[in-house]
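**Q** Quick one: the structure is below, questions incoming.
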Amino acid sequence: AEASYEHILISTPRPGVGQITLNRPKALNALSTPLMTELNAALRAFEASKEAGAVVITGNEKAFAAGADIKEMKDLNFASAFGNDFIKNWSELTQISIPIIAAVNGYALGGGCELAMMVDILYCGPKATFGQPEIKLGVIPGAGGSQRLTWAIGKAKAMEIILTGKNFSAEEAERWGLAARVFETPEACVEGALDTAETIASYGRLAVKAAKEVVNQSMENGLSEGVKFERRVFQSLFATRDQKIGMTAFAEKKKPQWTGE
Ligand code: HXC
């Protein structure tokens, strides 16, 4: 499938690690419908391959993505946006079961910021610039930004950012808890994301899948329900071979050889 992509680049730079590079540099990686369709297809392909244990999504030094494609959107009307459920397929990314890390350099605006917030771990470089400028275009965030930004950094800051359309920096994203880490250079950011992806890919796939699922569930549940869900998933992992392998290896001071079973 790799050969057929037009708006993204695909590689496997480390053992068990897939990389997807958004590649519409002339449009600052504006997230057109064809690009998002390819992104979803590539993520599905990595998930289905069983080779990839984690995926890194990145852009280039100038832009992770400067938003949904404004030129594509400008002539939509309500009937076509609602009738065709415009951008519904953006949520497919959140259905992928393997961990996804974003390595954000440059602009991550509007839908670009929303895409970055949809992934599991957000890393950024020193010049990353985040924002939800939709208000300046007469619209509002449409791919989860109002919800995920508010969850991540709280109502006061999210409201200010969304109502003013003002950008925020890499350092602010990290301080406010949106970004897990800021790196010193754009290259270090991508390498750091690949390192983390490689670490994740080195673990038993069932435990990784379960861990991602229980953390994500924390956004959906109240605390006691969430803790109970976590406990049940934890208990269920004692039915796997990888649990025996992991704990036996520890007791015997050996390196575990994961089976994914
Ligand atoms: C389509 C875009 C684009 C976008 C940039 N371009 N952003 N095309 N959609 N979101 C195009 C420009 O039109 C231009 O094309 C080329 O990329 C280079 O951009 P410039 O503006 O010349 O670059 P620069 O002067 O460096 O300014 C960078 C920028 C600016 C500040 C990031 O491009 C900008 O403000 N972009 C729009 C940001 C934005 O509003 N994003 C939110 C979109 S709404 P040409 O052909 O002239 O070379 C959104 C809704 C999400 O995302 C909700 C649902 C998903």
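**Q** Residue by residue through segment 126-140, note down the ones that are assigned to a loop (DSSP other than H, G, I, E, B), in contact (Cβ under 8 Å) with a residue 24 or more places away in the chain and either more than 12 Å from the ligand (Cβ to nearest atom) or out of contact with any Ser or Thr (no Cβ under 9 Å at 6 or more places or on another chain) (or both).
**A** Pro126, Lys127, Ala128, listed by residue number.
**Q** Further question: Here are Phe183, Phe168: which of them is modelled with pLDDT of 95 or more and touching a helix residue (DSSP H, G or I) at 6+ places or on another chain (Cβ under 6 Å)?
**A** On the way: Phe168 fails: touching a helix residue (DSSP H, G or I) at 6+ places or on another chain (Cβ under 6 Å).
On inspection, the qualifying residue turns out to be Phe183.
**Q** Scan segment 56-75 and give yes if some residue there is without any contact (Cβ under 8 Å) to a residue 24 or more places away in the chain, closer than 24 Å to Ile140 by Cα and open to solvent by 70 Å² or more (accessible area, probe 1.4 Å), otherwise no.
**A** yes
**Q** Failed condition for Arg44, given (1) open to solvent by 70 Å² or more (accessible area, probe 1.4 Å); (2) on the phi > 0 side of the Ramachandran plot; (3) modelled with pLDDT of 95 or more, with all others met?
**A** Failing condition for Arg44: (2).
**Q** Moving on. Before we move on, is Lys209 in contact (Cβ under 8 Å) with a residue 60 or more places away in the chain, open to solvent by 30 Å² or more (accessible area, probe 1.4 Å) and not small (Gly, Ala, Ser)?
**A** Spelling it out, Lys209 is indeed in contact (Cβ under 8 Å) with a residue 60 or more places away in the chain, open to solvent by 30 Å² or more (accessible area, probe 1.4 Å) and not small (Gly, Ala, Ser).
**Q** Now for a different question. Given the criterion open to solvent by 30 Å² or more (accessible area, probe 1.4 Å) and either free of Cβ contacts under 8 Å to residues at least 40 places away in the same chain or within 16 Å of the ligand (Cβ to nearest atom) (or both), identify the matching residue among Ser32, Ser49.
**A** Working: Ser32 fails: open to solvent by 30 Å² or more (accessible area, probe 1.4 Å).
Going through Ser32, Ser49 in turn, just one is open to solvent by 30 Å² or more (accessible area, probe 1.4 Å) and either free of Cβ contacts under 8 Å to residues at least 40 places away in the same chain or within 16 Å of the ligand (Cβ to nearest atom) (or both): Ser49.
**Q** Taking Asp195 as meeting all but one of (1) in a loop (DSSP other than H, G, I, E, B); (2) surrounded by fewer than 18 Cβ atoms within 10 Å (Cβ to Cβ), write down the number of the exception.
**A** Single failed check for Asp195: (1).
**Q** Let me confirm something: among Asn89, Asn105, which residue is in contact with a helix residue (DSSP H, G or I) (Cβ under 9 Å, 6 or more places away or on another chain) and within 23 Å of Thr37 (Cβ to Cβ)?
**A** Asn89
**Q** Under the condition of being at pLDDT 95 or above, away from the ligand (no atom under 14 Å from the Cβ) and not hydrophobic (A, V, I, L, M, F, W, C), which residue from segment 82-116 is least open to solvent (accessible area, probe 1.4 Å)?
**A** Pro99
**Q** For the structure I just gave you, tell me whether Ala41 is of a type outside the set (Asp, Glu) and either within 12 Å of the ligand (Cβ to nearest atom) or without any contact (Cβ under 8 Å) to a residue 24 or more places away in the chain (or both).
**A** When the stated conditions are applied, Ala41 does not pass them.
**Q** Tell me yes or no: at least one residue of segment 117-125 is open to solvent by 10 Å² or more (accessible area, probe 1.4 Å), more than 23 Å from Phe46 (Cβ to Cβ) and either touching a strand residue (DSSP E or B) at 6+ places or on another chain (Cβ under 6 Å) or within 13 Å of the ligand (Cβ to nearest atom) (or both).
**A** So far as segment 117-125 goes, no, none of its residues is open to solvent by 10 Å² or more (accessible area, probe 1.4 Å), more than 23 Å from Phe46 (Cβ to Cβ) and either touching a strand residue (DSSP E or B) at 6+ places or on another chain (Cβ under 6 Å) or within 13 Å of the ligand (Cβ to nearest atom) (or both).
**Q** Something else now. Hey, can you tell me all the residues within segment 141-167 that are outside any helix (DSSP H, G or I) and either farther than 21 Å from Asp69 by Cα or within 12 Å of the ligand (Cβ to nearest atom) (or both)?
**A** If the condition is that a residue be outside any helix (DSSP H, G or I) and either farther than 21 Å from Asp69 by Cα or within 12 Å of the ligand (Cβ to nearest atom) (or both), then Pro141, Gly142, Ala143, Gly144, Gly154, Gly165, Asn167 are the ones that fit.
**Q** If only one of Arg241, Arg232 is touching a Ser or Thr at 6+ places or on another chain (Cβ under 7 Å) and either open to solvent by 90 Å² or more (accessible area, probe 1.4 Å) or over 30 Å from Ala63 (Cβ atoms) (or both), which one is it?
**A** Arg241
**Q** Here's another thing I want to ask about it. Which one is farthest from the chain's Cα centre (by Cα), of the residues in segment 4-29 that are open to solvent by less than 10 Å² (accessible area, probe 1.4 Å) and within 16 Å of the ligand (Cβ to nearest atom)? So that I can check it myself, show each step before the final result.
**A** Of the residues in segment 4-29, the ones open to solvent by less than 10 Å² (accessible area, probe 1.4 Å) are 8, 17-18, 20, 22, 29.
Applying the additional criterion that residues be within 16 Å of the ligand (Cβ to nearest atom) yields 22, 29.
On the way: Leu22: 13, Asn29: 16 Å.
Once the filter is applied, the top-ranked residue is Asn29.
The values are calculated or read from the model by the stated rules, or taken from the named source; none is laboratory data. A quick note: this is a predicted structure, and the numbers were derived from the prediction, not measured. Counting neighbours? That spans all protein chains shown, and the Cβs are built from the backbone with ideal geometry, glycine included. Surface accessibility is based on the protein's heavy atoms, side chains included, excluding ligands, DNA and RNA. Shrake-Rupley method; radii C 1.70, N 1.55, O 1.52, S 1.80 Å.
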